[in-house]
Every structure is written in structure tokens, then in C-alpha cells.
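Q: Take this structure, written in C-alpha cells, and hold onto it; I'll ask about it next.
The values are calculated or read from the model by the stated rules, or taken from the named source; none is laboratory data. This one's a predicted model, so the numbers in the text were calculated from it and none came from an experiment. Don't worry about glycine lacking a Cβ; one is built from the backbone with ideal geometry, like all the others, and counts go over all protein chains shown.
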Amino acid sequence: MEESVQVGPWAAEAFVDYEKLLKVFGAKPLTDSEVRYLERIAGESHAMLRRRVFYSHRDLDVFLSKYETGYRCALYTGRGPSGSTHLGHILPWIFTRWLQEKLGLDLFFQMTDDEKFLHEEKLDLLESNSFAYENSLDLIALGFDYRKTHIIIDTEDIGYLYPIAVRIAKKLTYSTQRATFGFVDSTNVGLIFYPVLQMAVSFLPTELFGEETYVLIPAGIDQDPYWRIARDIAQGLGYPKPSQVHNKLLPGLGPEGKMSSSKPETAVYTTDPPDVGAQKIMRAFTGGQPTIELQKKLGGNPDRCSVYKMYEMLFEDSDAMLQERYWSCRTGSLICGDCKAELASRVRKFLKEFQEKREKARDQVDMYLIRSKFDKPSLRSRTVLR
Ligand code: TYM
């Protein structure tokens, strides 16, 4: 029986007890030896691994050994386009981009304009669909390789997924869906079907490549419920179980909660004018004391600080500098105002440079769409499935 958790696809806090969450979800913590295994294959270390921003997994070791043995492998991740992209969203994409480059893998990227239309009362389908294109610019700006990156927009590319989805759907009861996703009597039926489409992409590479393909899904821990079910039914449908590696959630800039589109004042969007992004940082809630005197005397709490987490998860490459910041805060020699001002200037610079790349991406979107590269898998071309 699952305890009530504050993390799932449609709700997530930020300063959660991640260890407890693993027990409830049944995923495994990422060990030093697994991190070393991945870094050995990648030929490079990554701060998000060293710092355990990516901190848990399901069968990452299996995926890596299949990769090493020469099996076909692919990456899969996605976005629910309900609005502009914020820094929390790009966190797993930055890591995914690194994996793509180091492992030379195809990435399947799902834009769930249907999910967000079904879930957000006020969002029109045309809006979520146009956000799918807008959000694609963020993905492209991160430098993904168009030859290996395939964006699926659910409402337009449903033909790629539907034959797989109906096979999944037949294996799933309403009672499993309800227990996993917390559906109630008033939940619309679209949302009840939707998870099947998110699971379907984990099996799509096997269909498209016509051979058993091992898939790794780098994504926030909030998305884990989909994969628990997908893994349960994979082999019965003739597909390898998809593996996952989970990231922690970047906190919002307010006192609590993850960075979330539903709280725009506490999120920095990739489209915020650089000065607006910097101002949001300057107004952020910190783990500091109410006055400078108290801060100097008692020190702050970086473990509960949205500003420190931004450094740790995204804006500080050097482990030594991060450590120094941590202890300067703890011992009271670092004042929140100074710590924020430095982050604000890094965020301003990041936004300025990112937005230039984002604008250039506008005429490249077509090259990334799955429909510009793959034919839809036909029911008859199934080489792997029984
Ligand atoms: P969405 O749009 O809510 O989130 C997109 C990705 O961003 C992660 N994420 C975060 N990571 C760190 N800090 C945060 N504050 C934060 N907020 C969100 C999410 O975990 C996710 O990885 N249903 C999905 C769309 C989807 C998908 C997928 C996501 C379809 N297929 C496969 C991941 C993998 C959604 O609405 O994501």
C-alpha cells in the first residue's frame, strides 16, 4: 500500500525526503559504483551525477551493460507543454543532451499537448499545441543533434503511438490506473487513457528500429509512476523493460514547492527577459536568517535554500566553489544578498545567451520532428513482437 506522497506527475513538492520517496516508489538509489560505470562509458564525469542531482534509477546498470555489449539503445524523455519552459524543465534535458553526445544515442522526445489540454481546465488544445512548438525551441537551444533527436507531438503524431498504446491499454485495468495516478470519479476519461501514451514511447524505438532496443529515460522522479507500470507490462508485450534515471526537483524561488509553471512568480522561464529573471532571483526565498546580524551569528541553511539549490543543481560547475559557498553560508560569512546578486548575474547571462540560441532555433524545428524522419511503424512490420 502506497503512503501518501507529495510527488507524482500532477503534484510535486521540492524539499522532499528523497530517500523515503525511493522506498515508497521502489526505485534504487544511485550508488558510487553505478555512477562510475556510467562515467566510464561516457568517458567523462558529470556534476549532476557527482552531486546526486540524478540520484536514483531503475535498471540503469542493465541498460549500461546492454549498451556495452552492443545492443541497440535509445533515450526517451519529454515535456507537457502547458506554458513556457522554466529552469527546472531544462535540468533533465541538459543531462539528456550530455548522454546523447557521450553515448551517441537517438533521443525520442514526447510533447504531450494532449495531456496538458486534458489536465489544465483553462488550456485550449490550440494553445497546448503551440506551446509544444515553443518548448521545442528550448530543446533545440540546448544543442541536441537533429539527426538523432526526434520530437513526437502527441496530437499530430499519434499514428506512431496508437498501435502500441492500444496493446498497452488492453493490459491495464482502471483499478491499476486509479491506484497509481489517484484518479477519481470526476476525472475525465481522456486523462485516464493518457498514461498509456506516455508509456508507449518507451516501446516505440523497438518498433522503429525493428530490433530489440533498450531505452533509458532520464526524467524527474515525479514521472516515475508511468514507468513502474510500463516495466510491469513490457515483457508481456515483447519489449525490453525501459530503464530510468531520476533527477531531484529544482525548488521554486518561494518558501516551498518545486519550480512549477503553476506558480509563475517563483519560476525563472527561459523566455523571461534577462533582467526579469535576475529580479526574480533577488526576491527569492532563502535559507538565511531574518537579519544580517543573525546571519553572521547563526549562519544560514543551504539545504533549505532555493538559491543555494540553483547553484548546486545548475549554476556552479566547480565542486570546490560549491563547497566553499556551502560552508560560508553555514558559518555566516556569506550574506544572502551577496549570494543572490551573484546568482542573479549568472542567470541574467545564461538567459541572454540562451535566448539568442532559442531564436536561431525557430527555423530548425522541422528537422527535429519525428515525422520528418521516420515512417509510422505499421502493424505488419513488427519484427520483434509476437
Ligand atoms: P513536465 O512538462 O511536467 O516536465 C518536463 C520534465 O521536467 C521535469 N521537471 C523538473 N525537473 C527538475 N526540477 C523541477 N522543478 C521540475 N519540474 C519538472 C519533469 O520531471 C520532466 O522530466 N508528462 C510529462 C511529459 C512527458 C515526459 C515523458 C516527461 C511525456 N513523456 C517522458 C519525462 C519523460 C510532463 O508533463 O512533464
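Q: Yes or no: Gln198 within 15 Å of the ligand (Cβ to nearest atom), under 28 Å from Val16 (Cα atoms), assigned to a strand (DSSP E or B) and of a type in the set (S, T, N, Q)?
A: no
Q: Tally time: how many residues in segment 235-248 are over 9 Å from the mean Cα position of the chain (by Cα) and either among the polar types (S, T, N, Q) or within 20 Å of Phe109 (Cβ to Cβ) (or both)?
A: Matching residues across segment 235-248 total 7.
Q: Select from segment 159-176 the residues that are touching a residue at least 40 places away in the same chain (Cβ under 8 Å), part of a helix (DSSP H, G or I) and out of contact with any Lys or Arg (no Cβ under 8 Å at 6 or more places or on another chain) and write down the one among them that is nearest to Trp98 (Cα to Cα). Outline the logic, then answer.
A: To start, the set of residues in segment 159-176 that are touching a residue at least 40 places away in the same chain (Cβ under 8 Å) comprises 159-161, 163-164, 167-168, 171-172, 176.
The next check asks that each one be part of a helix (DSSP H, G or I); those that pass are 159-161, 163-164, 167-168, 171, 176.
With out of contact with any Lys or Arg (no Cβ under 8 Å at 6 or more places or on another chain) added as a condition, the list becomes 161, 163-164, 167-168, 171, 176.
Numbers: Leu161: 26, Pro163: 31, Ile164: 29, Arg167: 33, Ile168: 31, Lys171: 35, Thr176: 35 Å.
So, considering only residues that are touching a residue at least 40 places away in the same chain (Cβ under 8 Å), part of a helix (DSSP H, G or I) and out of contact with any Lys or Arg (no Cβ under 8 Å at 6 or more places or on another chain), the one nearest to Trp98 (Cα to Cα) is Leu161.
Q: Residue under question is Pro264, and the condition is that it be surrounded by fewer than 20 Cβ atoms within 10 Å (Cβ to Cβ) and either within 13 Å of the ligand (Cβ to nearest atom) or over 22 Å from Leu30 (Cβ atoms) (or both); does it hold? First the steps, then the outcome.
A: On the way: surrounded by fewer than 20 Cβ atoms within 10 Å (Cβ to Cβ): yes; either within 13 Å of the ligand (Cβ to nearest atom) or over 22 Å from Leu30 (Cβ atoms) (or both): yes.
Criteria met by Pro264.
Q: Filter segment 201-220 down to the residues that are assigned to a helix (DSSP H, G or I) and of a type in the set (A, V, I, L, M, F, W, C) and list them by number. Working first, answer last.
A: Filtering segment 201-220 for residues assigned to a helix (DSSP H, G or I) gives 204-209.
Scanning segment 201-220 gives Leu204, Leu208, Phe209.
Q: Follow-up. Just checking, does segment 244-260 include any residue being part of a helix (DSSP H, G or I) and farther than 16 Å from Tyr311 by Cα?
A: No - not one qualifying residue is present in segment 244-260.
Q: Does Thr155 qualify as being farther than 22 Å from Asp366 by Cβ, part of a helix (DSSP H, G or I) and either among the aromatic types (Phe, Trp, Tyr) or over 19 Å from the mean Cα position of the chain (by Cα) (or both)?
A: No: the conditions fail for Thr155.
Q: I've got another one for you. Gly277 passes all but one of (1) under 18 Å from the mean Cα position of the chain (by Cα); (2) of a type in the set (Gly, Ala, Ser); (3) at pLDDT 95 or above; which number fails?
A: (1)
Q: Let me ask another. So in segment 57-85, with the set limited to residues that are among the aromatic types (Phe, Trp, Tyr) and surrounded by 24 or more Cβ atoms within 10 Å (Cβ to Cβ), which one is nearest to the ligand (Cβ to nearest atom)? Steps first, please.
A: So the first thing to find is which residues in segment 57-85 are among the aromatic types (Phe, Trp, Tyr), and the list is 63, 67, 71, 76.
Of the ones still in play, those that are also surrounded by 24 or more Cβ atoms within 10 Å (Cβ to Cβ) are 63, 76.
Numbers: Phe63: 15, Tyr76: 6 Å.
If we take residues in segment 57-85 being among the aromatic types (Phe, Trp, Tyr) and surrounded by 24 or more Cβ atoms within 10 Å (Cβ to Cβ), then Tyr76 is nearest to the ligand (Cβ to nearest atom).
Here's the yes/no breakdown for (1) over 15 Å from Leu369 (Cβ atoms); (2) modelled with pLDDT under 95; (3) touching a helix residue (DSSP H, G or I) at 6+ places or on another chain (Cβ under 7 Å); (4) away from the ligand (no atom under 11 Å from the Cβ):
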{"position": "Leu87", "(1), (2), (3), (4)": "yes, no, yes, no"}
{"position": "Ile90", "(1), (2), (3), (4)": "yes, no, yes, no"}
{"position": "Thr96", "(1), (2), (3), (4)": "yes, no, no, no"}
{"position": "Lys102", "(1), (2), (3), (4)": "yes, no, yes, yes"}
{"position": "Ser136", "(1), (2), (3), (4)": "no, no, yes, yes"}
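Q: Also, I was wondering about something else. Out of Gly252, Gly277, Gly238, Gly210, report the one residue that is more than 15 Å from the ligand (Cβ to nearest atom), within 23 Å of Gly83 (Cα to Cα) and small (Gly, Ala, Ser). Walk me through it before giving the result.
A: Working: Gly252 fails: more than 15 Å from the ligand (Cβ to nearest atom); Gly238 fails: within 23 Å of Gly83 (Cα to Cα); Gly210 fails: within 23 Å of Gly83 (Cα to Cα).
Selected residue: Gly277, the only one of Gly252, Gly277, Gly238, Gly210 that is more than 15 Å from the ligand (Cβ to nearest atom), within 23 Å of Gly83 (Cα to Cα) and small (Gly, Ala, Ser).
Q: One residue is enough: does segment 351-372 have a residue meeting the conditions more than 28 Å from Tyr76 (Cα to Cα) and out of contact with any Lys or Arg (no Cβ under 7 Å at 6 or more places or on another chain)?
A: Going through segment 351-372, the residues more than 28 Å from Tyr76 (Cα to Cα) turn out to be 352.
Restricting the remaining residues to those that are out of contact with any Lys or Arg (no Cβ under 7 Å at 6 or more places or on another chain) gives 352.
Checked against the condition, which is being more than 28 Å from Tyr76 (Cα to Cα) and out of contact with any Lys or Arg (no Cβ under 7 Å at 6 or more places or on another chain), segment 351-372 yields at least one hit.
Q: Is it the case, given these coordinates, that Tyr368 is within 28 Å of Arg51 (Cα to Cα) and either of a type in the set (Phe, Trp, Tyr) or in the same structural domain as Gly78 (by TED's automatic domain parsing) (or both)?
A: Judged against the criteria, Tyr368 is not a match.
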